[in-house]
Structure formats: C-alpha cells, structure tokens
Amino acid sequence: MHPVAGHFAPKTRFSCTSGRSFLIPSCRMDVLYVSDPCEHTNEPEDVGLFRGVFKGFHNSETKKLLVARGLQYEESEVCPFCKARVWSMGRSGMIPRSASTRLAAYDDNVEYLICLNGHLYGRCALLHLSDSDACENG
C-alpha cells in the first residue's frame with residue numbers, strides 16, 4: 001500500500017451510517033454514503049474535505065426537496081467528478097447540526113454541494129482537538 005501524498009490511507013472508506021448525519025430528518029430515508037474528512041492543515045483553522053454519493057439520487061427525497069424549493073444551481077461551481085451543475089446545501093438551509101457533529105467541525109462552518117447525479121463534496125473547519133502528547137505529559 002502506498003499512501004497518496006499528504007494522506008495517511010491510499011483508499012477512502014464510505015459509510016451509509018455517516019451519510020444519515022448529512023441529511024435533514026425528512027430526507028433520512030435516502031441512502032447517502034459519505035467518507036470521513038481528509039484533514040488538511042491550514043491557518044487559522046484546519047480544513048476537512050469529504051465526499052459522498054447518493055444511491056438512487058434521481059428518486060430521492062433530497063432531490064425532490066431541492067427542486068420543490070426552487071433552489072438555483074451554483075453559478076461558478078460544477079461537480080469535480082462528472083462536471084454536472086450543483087446545489088449548495090448551505091444555501092438551501094438543509095445542513096443539519098448532526099453533520100458538524102459527525103465531522104468534528106464548527107457548526108457554522110460546514111458546506112457541501114450535491115450535483116444532479118448525486119455526487120456530494122464538501123469542506124468544513126475542524127474543531128481543535130487536544131494533542132494526545134500533551135495529555136500524556138500533563
């Protein structure tokens with residue numbers, strides 16, 4: 001196994017259980033697989049990048065709700081996986097608090113986008129966790 005530069009694992013694992021944390025209660029019957037965030041050092045806060053994919057997005061409650069709300073696509077963004085147009089879940093008001101809890105991120109600093117084909121990608125500002133070395137020496 002050869003890790004990707006700047007990453008600790010050569011593969012990403014996706015979790016359906018984690019995916020529920022990214023859906024508002026009325027959409028939790030949808031099946032969404034989401035990866036754990038990939039952590040990147042940044043100033044002033046570390047950034048977590050994550051991705052996911054819906055199973056059966058075309059018939060999902062999430063898509064129905066985005067369409068029913070008349071949410072416009074993002075003007076300057078396209079899906080990095082398939083180049084389709086994307087919706088901002090932040091602008092839609094459809095990011096539940098459980099997403100920031102799952103990511104260990106600040107509540108007001110989580111954003112993810114979903115494309116017409118059901119790909120999800122996002123970023124968050126990660127909470128600062130205690131340094132394990134400092135705990136052992138303290």
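Length available on full extension from K64 to R97: 0.36 nm per residue minus the Cα-Cα distance, which gives 9.8 nm. Above 17 Å, the calculated P(r) of the stretch 28-123 contains 50 percent of its Cα-Cα pairs.
Solvent-accessible surface (1.4 Å probe) assigned to T41 amounts to roughly 130 Å². Taking all protein chains together and a 1.4 Å probe, the residues R91, R102 rank R91, R102 from largest to smallest accessible area. Of the peptides 107-118, 71-82, 20-31, the order by per-residue mean of other Cβ atoms within 10 Å, starting with the highest, comes out as 107-118, 20-31, 71-82. Classify the stretch 65-113 as rounded, prolate or oblate from the Cα gyration tensor: take a ≥ b ≥ c as the square roots of its eigenvalues, call it rounded if a/c is under 1.5, otherwise prolate when a/b beats b/c and oblate if not. Verdict is oblate for the stretch 65-113.
Loop-located GluC sites (Glu not before Pro) in the stretch 17-66 (DSSP state other than H, G, I, E, B) with a sparse environment of at most 15 neighbouring Cβ atoms within 10 Å: E45.
The values are calculated or read from the model by the stated rules, or taken from the named source; none is laboratory data. All values derive from a computational prediction rather than experimental measurement. Counting neighbours? That spans all protein chains shown, and the Cβs are built from the backbone with ideal geometry, glycine included. Side chains are part of the model used for accessible areas, which takes the heavy atoms of the whole protein and leaves out ligands, DNA and RNA. Shrake-Rupley method; radii C 1.70, N 1.55, O 1.52, S 1.80 Å.
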